1. Only residues in segment 139-164 that are touching a residue at least 60 places away in the same chain (Cβ under 8 Å) and open to solvent by 40 Å² or more (accessible area, probe 1.4 Å) count as the first member; pair them with residues that are assigned to a loop (DSSP other than H, G, I, E, B) and of a type in the set (Gly, Ala, Ser), Cβ under 8 angstrom, at least 6 apart or cross-chain, and list the lot.
2. Just the residues that are in contact with an Asp or Glu (Cβ under 6 Å, 6 or more places away or on another chain) and within 15 Å of Ser92 (Cβ to Cβ), please, taken from segment 180-219.
Amino acid sequence: MDKAIFIGMGGQTSALRALEILSNNLANVNTPGFRADYETMKQHHVQDGGMETRVYSYVGSSYTDFKQGPTLQTGRDLDAALSGNGMFTVQSKSGKEGYTRAGNFAVTVDGFLSTATGELVLGKKGAIQIPEAEKVHIGDDGTISVRPTGSEEMVAVGKLKLVNIKPGDVEKNTDGLFYSKNGRKVEEDDTVKVTSGALEGSNVNPVETLIKLIDISRHYEIHSNLIKNLSEQAATANKLLDVKS
């Protein structure tokens, strides 16, 4: 009986982890550049005396879906979208170099270009500073130009550090940024192109994710009922044994 309950608990734990991941995907369905995460399920075969007695399931490592999201035209000067596997380079709040697909940039009170979540956007020479200007333009090669107040000419003030990383060479952290698995900074790739005045949307399919969420919720409920029934049966069996003794 205890072994059966343990199997039910394993299934319940796996379902709970899957619910957490799917819920996070659904919460980020409107987050620019978001990449959906999924879990892997693994089997653990238990043997006793050379014979397979039972099989437990458990959650393996999660993985990120790098399929590109839709490109949405916004017309906003500080919005930028990438194609292919290119990424923007930022300085995380911990000071490390990270990478993101989110191009909904802003300018801090100190005049630095930043992500919507507050990370500084990096260029070839470090953080990019945007002077007070009437217009800002991001070129297809990542060059940032501004038209200063009172001027009619565009002046280049920096260039985005654009990198091209294989999905298998990066991993997503809890802050939503991607980091190089080997801990090294990635070299700039001039072949990465930018679409100005546009954003890449999340690659989460809300309908598909909601269906999976409902399905996993049912699995969780099934495992919960299994544990409850087994516990009740165990309690009944113990009472019978007490009567006989």
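The values are calculated or read from the model by the stated rules, or taken from the named source; none is laboratory data. Everything quoted here is computed from the prediction, not taken from an experiment. Every residue, glycine among them, receives a Cβ derived from its backbone with ideal geometry; neighbour counts consider all protein chains shown. The protein model used for the area step is the full one, side chains on, heavy atoms only, and it has no ligands, DNA or RNA in it. Shrake-Rupley method; radii C 1.70, N 1.55, O 1.52, S 1.80 Å.
1. From segment 139-164, the pairs are Asn164/Gly84.
2. Correct list: Lys185 only.
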